[in-house]
Amino acid sequence: MTLAAAANETLAHQSNVLVYSAMAVYTLAFLAHMAEWVFGSRSKVGRTAAALTGEATAPAAVTVQKAQQGGGTAVLERPKIVTRSVSGSRDVPDGPGAHGGTEKGDLYGRIAISLTVLAWALHVGGVITRALSVQRAPWGNMYEFSTTFAAVAVSFYLLLLVLKKNVRWIGLPLVTTVLLDLGLAISVLYTASDQLVPALHSYWLWIHVSCAIISGAALYLGAVATLLFLFRDRYEDKLTDPDGPQPGAFAVSVLERLPSAASLDKFAYRINAIVFPLWTFTIIAGAIWAEAAWGRYWGWDPKEVWAFITWVGYACYLHARATVGWKGRKAAVLGLIAFACYLFNYYGVNIFVTGLHSYAGV
Amino acid sequence: MATTTGTPREPDTGAAAASDAGGDLGAAGSQLSTAPKEDISFPSLGPIGWARWFWRQLTSMRVALLLLFLLSIGAIPGSLIPQTSIDPVKVEQFKSEHDTLGAIYDKLGMFHVYSSVWFSAIYLLLFISLIGCIVPRTWQFVGQLRGRPPAAPRRLTRLPAYTTWRTDAEPEAVLDAAQRMLRKRRFRAHRAGTAVAAEKGYLREVGNLVFHVALIVMLVAFAVGSLWKSEGGKLVTEGDGFSNSLVQYDDFKSGPFFDTDTMEPFGFSLKRFVATYERTGPQKGTPRIFRADISYFTGADGTEHHRSIEVNSPLDIAGNKVFLLSHGYSPVVTVKDGRGKVVYHGAVPFLPQDPKNFTSTGVVKVPGAQTKDGKRNQLGFNGLFVPTFGGKNSGSMFSQFPAPDFPVLAVNAWHGDLGVDSGLPQNVYQLDTKRMKQYKDAKGNIFKKMLMPKDRLERGVRQHAGVKGGLTAKDVAADSTMQLPGGQGSITFEGIKSWASFKITHQPGNGLALTGAVAALLGLAGSLFIQRRRVWVRAERVEENGVGVTVVEMAGLGRSESPRLPDELGHLAEALAPHAPLAPEPPAAEAADEDPTEPTDSADPADPSEGARA
Ligand code: HEM
């Protein structure tokens with residue numbers, strides 16, 4: 001009995017060491033990302049502007065279907081597909097990414113990703129040892145929730161990289177916020193590893209809370225893309241209107257390297273649209289659990305209210321995208337508001353509002 | 001619209017570009033969604049025109065969006081301001097602390113937001129809008145299912161995904177093969193002129209309609225649940241029981257349509273309540289296990305079954321659910337009166353005043369007590385119970401730990417008229433001392449005593465109370481009985497039982513709500529993951545340098561978010577290619593800038609993407 005307890009304490013201690021080490025490596029990754037952005041800023045290509053003013057190369061969104069220009073007869077091996085963006089949107093190619101096409105920038109970017117992978121491994125190790133030390137799902141209090149949340153967000157990012165998606169641009173904002181989140185977790189929210197209060201003894205904890213964490217982590221990536229979309233869209237707008245105010249040099253240097261507004265918007269939409277049903281399921285699972293624990297599936301407890309507000313917020317976002325006059329920036333703002341509601345439900349409701357969901361441990 | 005090409009825009013595409021994905025494609029692009037058309041023009045007709053306009057506004061996407069937004073804003077205050085339905089005590093406290101604000105909030109229904117007029121108005125309008133939206137969309141969708149995919153637009157090059165090649169196969173053969181190929185891939189496909197028109201992904205619209213209908217189902221389930229529900233509380237001490245009839249409840253509330261005659265016959269009794277707490281570490285005192293071991297019966301036969309109820313596992317019985325809510329201690333006392341007769345013996349539930357360590361208060365009322373000489377002398381005792389006493393030197397009567405490690409009951413006594421005969425209902429946890437006198441000792445001090453349970457004293461158990469070496473009974477007056485002055489009787493602390501309080505709920509509509517939720521989820525998945533798209537294949541014979549060749553064109557159109565469409569079109573084209581083998585391209589110089597299939601369009605340089613390509 002005491003032996004087991006001691007073993008658990010060792011594990012809990014190891015978990016802390018792993019999380020601290022992960023933070024150290026994330027910090028290195030952060031610095032490498034900064035280097036990537038700095039070296040990348042030295043390439044002066046001005047791609048977006050060129051594409052928008054239509055003087056230079058063909059927009060990437062249009063693949064030329066004619067096989068050859070130079071006379072003679074050509075045999076196509078297979079039919080070539082021409083894509084055209086929908087009328088009403090700009091044909092702007094994606095930026096080159098933080099490294100701006102420079103070799104040095106790219107090198108630092110790769111270093112940053114390698115470091116992120118290492119930090120992620122330590123981080124996940126920290127979460128797992130914590131779970132082992134308490135022999136339950138590591139989601140009993142805000143400390144555990146925060147560390148898991150960040151681990152899942154980084155996992156998604158790495159998964160998208162493995163799938164060869166164009167997501168390197170999210171590296172710096174992600175690593176920065178992961179550091180903030182972990183810093184907050186170890187300083188303010190820290191709770192020593194321990195057992196759960198009886199109200200949390202239920203397999204619905206696994207289902208409901210894991211879905212909440214996965215949803216939140218994915219929605220976070222969507223929110224970052226949405227925020228960057230707002231900047232990038234304004235930037236492209238300014239470029240298309242040569243008579244209006246032009247973006248400053250710093251803004252150009254940073255925004256030019258991001259994916260096009262259309263790509264960012266699409267990325268955000270896809271994440272939000274995929275996660276929305278999962279979030280819906282999270283709420284339903286929570287309602288079933290509440291029915292089992294408290295005898296009513298819905299009781300307007302503050303946590304429930306904010307989950308509902310978040311849900312309606314994302315429904316607003318999805319509706320806005322289907323409503324003329326609301327797609328684009330207005331929908332993006334709604335998406336950000338919806339994510340802010342998610343965050344408030346986590347930090348705000350746990351810390352400032354008392355309700356039945358009292359697991360904050362702070 | 002923002003695409004600048006430097007060339008004048010074709011008049012008919014200019015306006016359409018602002019609208020939907022297929023806006024400039026005429027019939028081919030329309031009806032890919034059943035979303036209502038936006039209409040912000042003003043009515044010109046009289047009352048009917050206005051009514052129609054109003055209805056159209058209410059059922060527009062714009063207003064649905066607005067109402068959704070209002071709904072989320074409207075839900076906020078209820079999470080920040082105390083709500084009567086959740087914590088009435090807090091509401092009263094808030095009102096007494098904030099005079100004017102409390103009054104204003106009261107007027108606005110801020111203490112019961114989710115049943116307030118304005119909140120109800122928002123969601124009712126939203127649901128009217130929803131019904132007004134679903135009905136026409138369903139009809140429209142049924143129309144689309146009965147009709148056929150719209151014919152190919154004149155210029156397929158304008159579509160988001162396009163491909164073309166030449167072949168020596170006959171157009172008829174190509175089209176037949178295309179139709180077969182598309183049908184095999186579960187497209188609805190038909191021939192129209194020189195083209196095959198095909199469409200797939202109708203389940204998206206079905207999913208969307210199912211989702212929105214499911215929202216209504218959930219609202220109905222919610223309404224049924226709150227109109228027909230019943231909910232009551234019952235506190236049961238170990239050894240006691242409960243049976244389901246109105247008089248047995250400590251408190252009971254029900255929806256307006258609940259009929260008390262239909263209450264199901266069932267009951268249970270509490271055999272034992274088990275609670276354990278963390279004993280060491282920073283979370284000392286945190287509960288670990290709460291378990292009520294009960295036996296229950298249902299229906300007329302009355303057979304006993306054994307089970308335990310825990311926080312997350314209620315007892316499901318005869319359409320009702322029994323939940324474990326909270327627990328506490330019931331000191332068992334014996335009261336003798338002046339004649340030496342036992343006038344009360346039983347367990348008295350005490351209510352915890354401190355939810356962590358269970359410092360609890362309670363009263364014992366003994367209406368049948370008499371004096372030595374047989375005069376009526378009702379007795380009342382005020383008690384303070386701590387499961388773990390801090391020791392004599394702790395200076396306070398606050399419990400140190402929630403488990404009964406070192407239980408002490410402090411009592412003082414009253415006599416006179418309890419007021420229980422007045423017929424008015426009385427609070428069983430409070431003594432009405434208006435017509436009572438407190439027992440005092442000779443010096444005029446309040447007569448009180450700390451008691452330890454008799455059963456433990458007899459066993460001589462050494463109490464540890466979390467302190468090394470432990471406390472012993474010597475630390476308090478090691479006595480279990482308080483004698484009243486003047487031989488007016490005595491009270492003995494016999495032992496301790498636990499009580500558990502249960503919530504018994506009957507809520508119809510749960511199944512319906514769950515069905516609605518699952519349907520909503522499935523519908524949503526269909527609506528968000530399935531792409532609705534159209535594909536056209538055109539095959540026409542053209543003469544080139546006196547030689548006939550077949551030009552095949554394929555194009556696809558999806559909703560605005562259809563990233564996989566070009567890939568899919570590529571696969572379709574590859575599947576068709578064996579039936580229409582690729583023939584050599586003509587010399588490019590001749591047709592470099594123009595669509596080879598549409599020589600008549602050569603005067604039209606306005607296509608934005610072509611312009612950009614130049
Ligand atoms: C009760 C509140 C409502 C909620 C929670 C809600 C939620 C949603 C969600 C999440 C979607 C996204 C699914 C998708 O994009 O396919 C959606 C789509 C849609 N909703 Fe609602 N909705 C509500 C009320 C309404 C109302 C009142 C209308 C009628 C004006 C409406 C019309 C539509 C339409 C037409 C779409 C499909 C948009 C498209 O074609 O992309 N909804 N709704």
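Here are the numbers:
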item: Residue match in the stretch A:121-140 (condition: over 28 Å from A:Y203 (Cβ atoms) and at pLDDT 95 or above); result: yes
item: Among the candidates B:G495, B:G570, residue that is facing chain A (nearest Cβ under 10 Å), among the small types (G, A, S), away from the ligand (no atom under 16 Å from the Cβ) and touching a residue at least 40 places away in the same chain (Cβ under 8 Å); result: B:G570
item: Residue that is modelled with the highest pLDDT, among those in the stretch B:260-282 that are among the polar types (S, T, N, Q) and either more than 30 Å from the chain's Cα centre (by Cα) or not in a helix (DSSP H, G or I) (or both); result: B:S269
item: Residue in the stretch A:275-282 that is over 25 Å from A:P173 (Cβ atoms) and β-branched (V, I, T) present; result: yes
item: Test result for B:L156, buried (at least 21 other Cβ atoms within 10 Å of the Cβ) and either at pLDDT below 90 or within 12 Å of chain A (Cβ to nearest Cβ) (or both); result: yes
item: Pairs, first over 15 Å from B:R533 (Cβ atoms) in the stretch B:201-212, second more than 8 Å from the ligand (Cβ to nearest atom) and hydrophobic (A, V, I, L, M, F, W, C), C-beta under 6 Å, six or more apart; result: B:V210/B:A519; B:F211/B:A520
item: Output for the stretch B:520-549, where each listed residue is away from every other protein chain (no Cβ under 11 Å), aliphatic (A, V, I, L, M) and surrounded by fewer than 22 Cβ atoms within 10 Å (Cβ to Cβ); result: B:I530, B:V542, B:V547, B:V549
item: Set B:F119, B:F111, B:F127: member being out of contact with any Gly (no Cβ under 8 Å at 6 or more places or on another chain), within 16 Å of the ligand (Cβ to nearest atom) and assigned by the TED database to the domain that holds B:A64; result: B:F127
item: Of all residues in the stretch B:259-296 being out of contact with any Lys or Arg (no Cβ under 9 Å at 6 or more places or on another chain) and basic (K, R), the one that is farthest from the other protein chains (Cβ to nearest Cβ); result: B:K271
item: Residues of the stretch B:232-261 that turn out to be surrounded by fewer than 19 Cβ atoms within 10 Å (Cβ to Cβ) and within 27 Å of B:A517 (Cβ to Cβ), as a count; result: 6
item: Pairs with Cβ under 8 Å, 6+ apart, first in the stretch B:246-270 and at negative phi and β-branched (V, I, T), second loosely packed, with under 15 Cβ neighbours inside 10 Å and at pLDDT 85 or above; result: B:T260/B:L246
item: Residues of the stretch B:63-103 satisfying the condition of being within 16 Å of the ligand (Cβ to nearest atom), within 21 Å of the chain's Cα centre (by Cα) and either without any contact (Cβ under 8 Å) to a residue 12 or more places away in the chain or loosely packed, with under 13 Cβ neighbours inside 10 Å (or both); result: B:F69, B:S72, B:I73
item: Only listed residue being away from chain A (no Cβ under 14 Å) and either touching an Asp or Glu at 6+ places or on another chain (Cβ under 9 Å) or within 16 Å of the ligand (Cβ to nearest atom) (or both), chosen from B:A189, B:A223; result: B:A189
item: Enumeration of residues in the stretch B:522-548 that are of a type in the set (A, V, I, L, M) and more than 16 Å from the ligand (Cβ to nearest atom); result: B:V535, B:V537, B:A539, B:V542, B:V547
item: Selected residue (only one of B:P584, B:P596 is modelled with pLDDT under 90 and either more than 8 Å from every other protein chain (Cβ to nearest Cβ) or assigned to a strand (DSSP E or B) (or both)); result: B:P596
item: Candidates B:T515, B:T550 - the one that is assigned to a helix (DSSP H, G or I) and hydroxyl-bearing (S, T, Y); result: B:T515
item: Tally of residues being at pLDDT below 70 and either on the phi > 0 side of the Ramachandran plot or buried (at least 18 other Cβ atoms within 10 Å of the Cβ) (or both) across the stretch B:25-62; result: 5
item: Looking only at the stretch B:50-62, and only at residues there that are at the interface with chain A (Cβ under 10 Å from one of its Cβ atoms) and assigned to a helix (DSSP H, G or I), the one that is nearest to the ligand (Cβ to nearest atom); result: B:M61
item: Yes/no for A:S133 being touching an Asp or Glu at 6+ places or on another chain (Cβ under 8 Å), among the polar types (S, T, N, Q) and more than 30 Å from B:V537 (Cβ to Cβ); result: yes
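Residues are listed down the side, and each one gets a yes or a no for (1) part of a helix (DSSP H, G or I); (2) of a type outside the set (D, E, K, R):
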position: B:S129; (1), (2): yes, yes
position: B:G143; (1), (2): yes, yes
position: B:Y162; (1), (2): no, yes
position: B:R191; (1), (2): no, no
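Matching residues to (1) more than 10 Å from the ligand (Cβ to nearest atom); (2) within 23 Å of the chain's Cα centre (by Cα); (3) closer than 20 Å to B:S60 by Cβ:
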| position | (1), (2), (3) |
| --- | --- |
| A:A287 | yes, no, no |
| A:A290 | yes, no, no |
| A:R296 | yes, no, no |
| A:A315 | no, yes, yes |
| A:H319 | no, yes, yes |
| A:T323 | no, no, yes |
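The values are calculated or read from the model by the stated rules, or taken from the named source; none is laboratory data. These figures come from a predicted structure and were not determined experimentally. Using ideal geometry, Cβ is built from the backbone for each residue, glycine included, and neighbour counts are taken over all protein chains shown.
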